[in-house]
Amino acid sequence: MKLDRKEIISALETISIAGEGKNIVDSGALQNVMTFGDEVVVDLVLSSPALHIKKRAEVDVMKTIHEKVYEKAKVKVNIKVETPEPEKKAPEIKGKAIPGIKNVVAIASGKGGVGKSTVTANLAVTLAKMGFKVGVLDADIYGPSVPIMFDVAAERPLSVTVDGKSKMKPVENYGVKILSIGFFTKPSQAVIWRGPMAAKALNQMIFDAAWGELDFLLVDLPPGTGDIHLSIMQSLPITGSVVVSTPQNVALADARKGVAMFQQESINVPVLGIVENMAYFTPQELPENKYYIFGEQGAKNLSEDLQIPFLGEIPLVQSLRESGDIGRPAALQEDTPLEESFKELTRNMVQETVKRNKSLPPTEAIKITTMAGCSAVKTK
């Protein structure tokens, strides 16, 4: 008698491997069925090496074929065991990481004047209000504005001893730890440094600081895509980046370059998303009115075009500018549209950070290899 392969597979759909819910066809345990006249060879792959499970599978296959297909069939069952790989842990930050800091998020923009520092400050205080431990590193060497926005421009970091070493203790306000080059220069003093000097100053603020335990360290980068950005990414394994833009085409063209910098193969820092600042103007006396003076949803459309998340939009309102000038970030206000905007933005950023840590390998610090480029390097 010539056996029908389809009939055999149909019959095998009625049995399952011990401990598994699906039948051996749907579960993928049945790898192949071959027939030669009245002979049939069945190949199975099991996840368990237990002898009794293997024997039970062999007996069930033979019994089912004899009962449902042909009682005199010559059945051979080949069983292979493939144990699944152990579940991988969520990736940890590699490279020259700062002990105690879980996530380092770079806040960047392709051009100046789009409100990157304002977004950074309000992201930080919103994270702190949500219960996270937060720090801000003001890496905008040539225009440090974070001390003003946190009302700590007159403060100076203290020296503390940690494990026998002298460290800088960040200035703290509104539950956020802050370090900035602005603490070490006079308000009227211009920082006229070449790249190596700026990089050395940044490294001191990164590694010679007593940051303690932080859930998020937000790094406020300078505008553009230059030497300071490479220095930061060379020193730190960045968890992810956030790109800030305004809606008009001129700003979007530079934001696109900012995203491209992080996505460059030799840098490869995940982009958590785009923020649209100054999305629309709302007068205080007409809170329901929206005037799209810089264009409508430009950054949102860019995020769709680049296939990266859109984290949220921040309106252009007078109180946002005023709060930054007096050193009390607008997100500290209660029950206002601005607070809600920053809450949504922060929730989305945290969600994208969690998603990134679960699904992507760790970011590595990069190594400068030539005057014109860089490459990834693994460091212990």
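The values are calculated or read from the model by the stated rules, or taken from the named source; none is laboratory data. These figures come from a predicted structure and were not determined experimentally. Every residue, glycine among them, receives a Cβ derived from its backbone with ideal geometry; neighbour counts consider all protein chains shown. Ligands, DNA and RNA are excluded from the accessible area calculation, which covers all protein heavy atoms including side chains. Shrake-Rupley method; radii C 1.70, N 1.55, O 1.52, S 1.80 Å.
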- Message: Residue pairs, Cβ under 8 Å, 6 or more apart or interchain, first in segment 311-330 and under 22 Å from Arg347 (Cα atoms), second part of a helix (DSSP H, G or I) and acidic (Asp, Glu). List them.
- Response: Leu311/Glu352; Gly312/Glu344; Ala330/Glu339
- Pick out the one residue from Asp26, Asp43 that is free of Cβ contacts under 8 Å to residues at least 60 places away in the same chain, acidic (Asp, Glu) and under 16 Å from Glu82 (Cβ atoms). Asp43
- Query: Could we say that Ser117 is in contact with a Ser or Thr (Cβ under 7 Å, 6 or more places away or on another chain), open to solvent by less than 50 Å² (accessible area, probe 1.4 Å) and at pLDDT 85 or above here?
  - Reply: yes
- Between a first residue in segment 350-364 that is aliphatic (A, V, I, L, M) and a second residue that is at pLDDT 90 or above and exposed (fewer than 14 other Cβ atoms within 10 Å of the Cβ), which pairs have beta carbons less than 8 Å apart while being 6 or more apart in sequence or on different chains? none
- Task: Could you list, in sequence order, all residues of segment 290-335 that are of a type in the set (Val, Ile, Thr), outside any loop (DSSP other than H, G, I, E, B) and crowded, with 19+ Cβ neighbours inside 10 Å?
- Result: Ile314
- Message: Given the options Lys129, Lys167, Lys102, name the one that is open to solvent by 30 Å² or more (accessible area, probe 1.4 Å), of a type in the set (D, E, K, R), out of contact with any Gly (no Cβ under 9 Å at 6 or more places or on another chain) and in contact (Cβ under 8 Å) with a residue 60 or more places away in the chain.
- Response: Lys102
- Query: Would you pick out the residues in segment 17-31 that are more than 38 Å from the chain's Cα centre (by Cα) and either on the phi > 0 side of the Ramachandran plot or open to solvent by 50 Å² or more (accessible area, probe 1.4 Å) (or both)?
  - Reply: Gln31
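Hey, among the residues in segment 273-282 that are closer than 16 Å to Pro337 by Cα and not acidic (Asp, Glu), which one's most open to solvent (accessible area, probe 1.4 Å)?
Taking the candidates together, the pick is Phe281.
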- Item | Unmet criterion (only one of (1) part of a loop (DSSP other than H, G, I, E, B); (2) modelled with pLDDT of 70 or more) for Val244 | (1)
- Single residue of Pro237, Pro270 found to be open to solvent by less than 10 Å² (accessible area, probe 1.4 Å), under 30 Å from Phe132 (Cα atoms) and either at pLDDT 75 or above or among the basic types (Lys, Arg) (or both): Pro237
